[in-house]
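For reference, the structure discussed in these notes is given below.
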Amino acid sequence: MSQIDHSQKIPNNVDLSSDRKLQRALEKWLPNFISWWTEMGPEGFQTKDVYLRTAISADSQGWAHFDYVKMPDYRWGIFLADPVKDRRIPCGDDYGKPVWQEIPGEHRNTLRRIIVTQGDTEPASVEQQRLLGQTCPSLYDLRNLFQVNVEEGRHLWAMVYLLHSYFGRDGREEAEALLERRSGDDNNPRILGAFNAPCDDWLSFFMFTFFTDRDGKYQLLALSESAFDPLSRTTRFMLTEEAHHMFVGETGILRVLDRTCQVMKDNPGKSARELGVIDLETIQRALNFWYSISLDLFGGEVSSNAASYFAAGLKGRAKEAQYEDHVCLDQVFEMDKIEGGKLSQEEVPLRNAMNEVLRTEYTEDCQRGVNKWNRMIQEHGVDFVLTLPSRRFNRQIGLYAGLYFTPEGSLIGREEWEAKRDTWLPTDTDRAYVKSLMNRPVYEPGKMANWIAAPKQGIKGRPVDFEYVRLD
Ligand SMILES: [Fe+2]
Ligand SMILES: [Fe+2]
């Protein structure tokens, strides 16, 4: 089952050829996907050979094959993790009952919405990143960008497979609409805020893959606990791909920090900007921005939707098995409350706080990565600490939306916010400076742009100076 059949037009491990109707529907969607990819995928590199990994089996060991591929020929397909024998619903009112192979009618609309919302983020990020190849700091980074892009394309396939298989005509229409919305478009934007924000320089790209792809990880962890087993299996396989995206972000920022600190040390008395590297304050502001907009993706702090998803078993918490109580009917959660301009705490039923529970785990995971970044700064003997701002900072969704908080989390007035905003969030000057560093791409194997250190090692045992993308 876990072996992927690559002889098919659509590679898959779901025995697609046994369902001719579904196969035909997906084969009809395929050319539309390819036109979307050609129009909205990485611009300027569609005919180049890229050293990419492709899934060949869906088990955790050795699932990938590495070779040169032109991106439009990438073997996108449908890969589900192997079924877990006798899997039971891991949480909610039906805890312990057998999982569903078909969707119960009463959950159809909600599940469709959940799948469409997840599916929409996948092509969105490809659109956000489509011009980055033209400013890349190295061939190694260029290849990583394209690897992330083709896998986000595959994640779209994963969600479209579910829509086509289980939602009939509505599902097919949703699958078309996924190719029609456009990131940042005024009339037909992507569904979620962070996926409409421009991601047009490499500092943003690394922050995006660190913070926003990590939101993806937590959403996928929650969905992999779903009572709807095909959703659980497809998201479990997506998680194995997602790990690389976060690696790209974490090591990308690590290398930026390494380079900045080294150059500063070698040139005492000069500023980072004089030296053509990215100053730590700019990195902190980019962090503040991408972290805060990624926090919004988890939804409102107190949410009756979250409660009903959990109750129905549509979504769980990340790694549900780590908890003892999987029904959560009598537990409460300490939540902030804002009343009359003052912060206090109140208890809310745990089920209503499930978004916040997931966000808390996400925050801890982010902190682990930020600690690694800080160790790099410390190793250089530089006196600077990157910090995650308070979860209240710069939020557009939930309890804190429409209010102003410092990065430390204190409630402030609009005037103070306006006065200090530019020390907390990226400014036009920051963006212009970062872009000015990147206006000339580096395409020579093994060479790095001045603003970033070389990676410690290459991809799949290849040297750093390997020709990861063949440009001629
Ligand atoms: Fe994804
Ligand atoms: Fe991703």
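The values are calculated or read from the model by the stated rules, or taken from the named source; none is laboratory data. Since the structure is predicted, the reported quantities are computational estimates derived from the model, not experimental observations. We place every Cβ from the backbone using ideal geometry, glycine too, and count neighbours over all the protein chains shown.
Here are some notes:
- Any hit, region 275-286, residues being surrounded by fewer than 20 Cβ atoms within 10 Å (Cβ to Cβ), within 16 Å of ligand 1 (Cβ to nearest atom) and either touching a residue at least 12 places away in the same chain (Cβ under 8 Å) or in a helix (DSSP H, G or I) (or both): no
- Which listed residue, of S204, S183, is surrounded by 20 or more Cβ atoms within 10 Å (Cβ to Cβ), away from ligand 1 (no atom under 16 Å from the Cβ) and not hydrophobic (A, V, I, L, M, F, W, C): S204
- Residue among G269, G299 that alone is under 25 Å from Q367 (Cβ atoms) and assigned to a loop (DSSP other than H, G, I, E, B): G299
- Residues that are at pLDDT 90 or above, in a loop (DSSP other than H, G, I, E, B) and closer than 22 Å to N12 by Cβ, drawn from region 41-61: G41
- Tally, over region 166-177, of residues that are crowded, with 18+ Cβ neighbours inside 10 Å and either of a type in the set (G, A, S) or within 16 Å of ligand 2 (Cβ to nearest atom) (or both): 2
- Residues within region 403-461 that are among the small types (G, A, S) and more than 21 Å from Y140 (Cβ to Cβ), tallied: 6
- Contact map, region 374-387: first residue without any contact (Cβ under 8 Å) to a residue 40 or more places away in the chain, second residue in a loop (DSSP other than H, G, I, E, B) and not β-branched (V, I, T), Cβ cut-off under 8 Å, separation 6 or more or different chains; pairs are N374/L386.
- Per the listing F195, F247, the residue uniquely closer than 30 Å to C91 by Cβ, at pLDDT 95 or above, surrounded by fewer than 19 Cβ atoms within 10 Å (Cβ to Cβ) and not β-branched (V, I, T) is F247.
- Selection count, region 344-362, where residues are touching a residue at least 60 places away in the same chain (Cβ under 8 Å) and among the polar types (S, T, N, Q): 0
- Matching option when the condition is farther than 13 Å from V150 by Cα, at pLDDT below 95 and loosely packed, with under 14 Cβ neighbours inside 10 Å, among K85, K9: K9
- Scanning region 417-461 for residues being free of Cβ contacts under 8 Å to residues at least 12 places away in the same chain, farther than 20 Å from L203 by Cα and in a helix (DSSP H, G or I) gives a total of 2.
- The set of residues from region 367-418 being surrounded by fewer than 17 Cβ atoms within 10 Å (Cβ to Cβ), over 30 Å from S303 (Cβ atoms) and in contact with a Phe, Trp or Tyr (Cβ under 6 Å, 6 or more places away or on another chain) is empty.
- Among the residues here, V160 qualifies as buried (at least 23 other Cβ atoms within 10 Å of the Cβ), at pLDDT 95 or above and more than 14 Å from ligand 2 (Cβ to nearest atom).
- Of residues in region 219-239 being hydroxyl-bearing (S, T, Y) and within 12 Å of ligand 1 (Cβ to nearest atom), the one farthest from Y309 (Cα to Cα): T234
- Any pair with Cβ under 9 angstrom, 6 or more apart, that starts in region 36-65 at a residue that is closer than 21 Å to F205 by Cβ and ends at one that is in a loop (DSSP other than H, G, I, E, B) and modelled with pLDDT under 85: K48/D472; R53/W63
- Residue, modelled with the highest pLDDT, within region 211-242, restricted to residues that are out of contact with any Asp or Glu (no Cβ under 7 Å at 6 or more places or on another chain) and near ligand 2 (Cβ under 9 Å from one of its atoms): T212
- Counting only residues that are of a type in the set (A, V, I, L, M) and within 20 Å of P198 (Cβ to Cβ), region 431-448 holds 4 of them.
- Near pairs, Cβ below 8 angstrom, 6+ apart or cross-chain, from region 230-246 (under 14 Å from A58 (Cα atoms)) to any residue that is away from ligand 1 (no atom under 11 Å from the Cβ) and basic (K, R): S232/R87
- F237 being surrounded by fewer than 24 Cβ atoms within 10 Å (Cβ to Cβ), of a type in the set (F, W, Y) and assigned to a helix (DSSP H, G or I): no
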